[in-house]
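Here is the structure we will look at, set down as structure tokens.
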Amino acid sequence: MALIRDRRLVLGRKMLERDHLKTQVERRLDTLDPSWRGDMRVEKWEEEYDFETERASRRTSLSPLSSPKHGATTPQNHSPASSPTTASPHTMPVKLGISALLTPEPRPIMTVRDAPPELMRELERDPALSKEVESVREQLKVTALTDLWHRVQEEKKVIRRKIEEEEEKREKYKQELLRRKYDYRPFIVEFMKRLDRVGLLRPMMG
């Protein structure tokens with residue numbers, strides 16, 4: 001086993017880099033050909049992208065494990081032995097793992113408009129990205145820039161899908177952790193009592 005960075009944060013950083021490059025391409029195109037947005041129907045592209053992004057966010061927020069109500073009531077489903085004061089050292093890591101997964105986390109910053117100045121300054125110091133931006137600023141061909149704009153848009157879609165996959169995997173991890181931690185003893189005891197009442201328990205044991 002090894003500790004790795006949250007993939008959502010890594011992908012969020014890549015998304016921010018692509019958004020920064022897209023912004024630079026648009027500024028350069030505005031200088032070379034002010035009518036390019038209408039020619040390329042940029043507004044329609046942006047609407048479709050925003051719609052897909054919002055739909056993905058809605059899908060995540062509607063997950064049963066994403067609601068604060070669920071996170072608040074989950075500890076009541078655990079057995080008394082799993083409370084912080086009585087839990088054994090062997091049960092604590094699981095409980096802490098569940099708490100970490102159920103705690104609301106900051107979303108990765110993925111757009112230039114949401115990024116604080118210090119993050120943008122850090123981004124601009126990235127050698128590979130700086131090289132791409134410099135190439136854009138020196139580009140004189142509108143067609144080359146519009147092709148790049150389309151490519152960056154497609155790259156952002158791919159990254160967005162990967163982030164969705166990471167969110168779905170995280171939801172599955174939450175469900176699995178909760179399933180492992182849930183106290184099934186009351187159900188088992190009650191089930192065995194009912195079997196005994198209807199005369200089925202002894203034959204099964206016999």
Discussion item. Take the residues in the range 167-206 that are under 47 Å from the mean Cα position of the chain (by Cα) and among the β-branched types (Val, Ile, Thr); name whichever of them is nearest to residue 9 (Cα to Cα).
Written reply: 188
Discussion item. Here are the criteria: (1) open to solvent by less than 60 Å² (accessible area, probe 1.4 Å); (2) farther than 30 Å from residue 46 by Cα. Tell me which single one residue 142 does not satisfy.
Written reply: (2)
Worksheet item: Looking at this structure, is residue 99 assigned to a helix (DSSP H, G or I), modelled with pLDDT of 90 or more and hydroxyl-bearing (Ser, Thr, Tyr)?
Response: no
Item to complete: Confirm whether residue 151 is open to solvent by less than 80 Å² (accessible area, probe 1.4 Å), out of contact with any Phe, Trp or Tyr (no Cβ under 7 Å at 6 or more places or on another chain), assigned to a helix (DSSP H, G or I) and modelled with pLDDT of 90 or more.
Response: no
Worksheet entry | Single unsatisfied condition, residue 125 versus (1) open to solvent by less than 30 Å² (accessible area, probe 1.4 Å); (2) basic (Lys, Arg); (3) at pLDDT 90 or above | (1)
Worksheet item: Counting only residues that are touching a helix residue (DSSP H, G or I) at 6+ places or on another chain (Cβ under 8 Å) and closer than 30 Å to residue 48 by Cβ, which one in the range 169-206 is surrounded by the most Cβ atoms within 10 Å (Cβ to Cβ)?
Response: 170
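Conditions tested, residue by residue: (1) outside any helix (DSSP H, G or I); (2) at pLDDT below 90; (3) not aliphatic (A, V, I, L, M).
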residue: 118; (1), (2), (3): no, no, yes
residue: 130; (1), (2), (3): no, no, yes
residue: 144; (1), (2), (3): no, no, no
residue: 147; (1), (2), (3): no, no, yes
residue: 187; (1), (2), (3): no, yes, yes
residue: 202; (1), (2), (3): no, yes, yes
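The values are calculated or read from the model by the stated rules, or taken from the named source; none is laboratory data. Just so you know, these numbers come straight off a predicted model, no measurement behind them. Every residue, glycine as well, gets a Cβ built from its backbone with ideal geometry; the counts of neighbours run over all protein chains shown. For the accessible areas, the whole protein counts, side chains as well, though only heavy atoms, and no ligand, DNA or RNA atoms are used. Shrake-Rupley method; radii C 1.70, N 1.55, O 1.52, S 1.80 Å.
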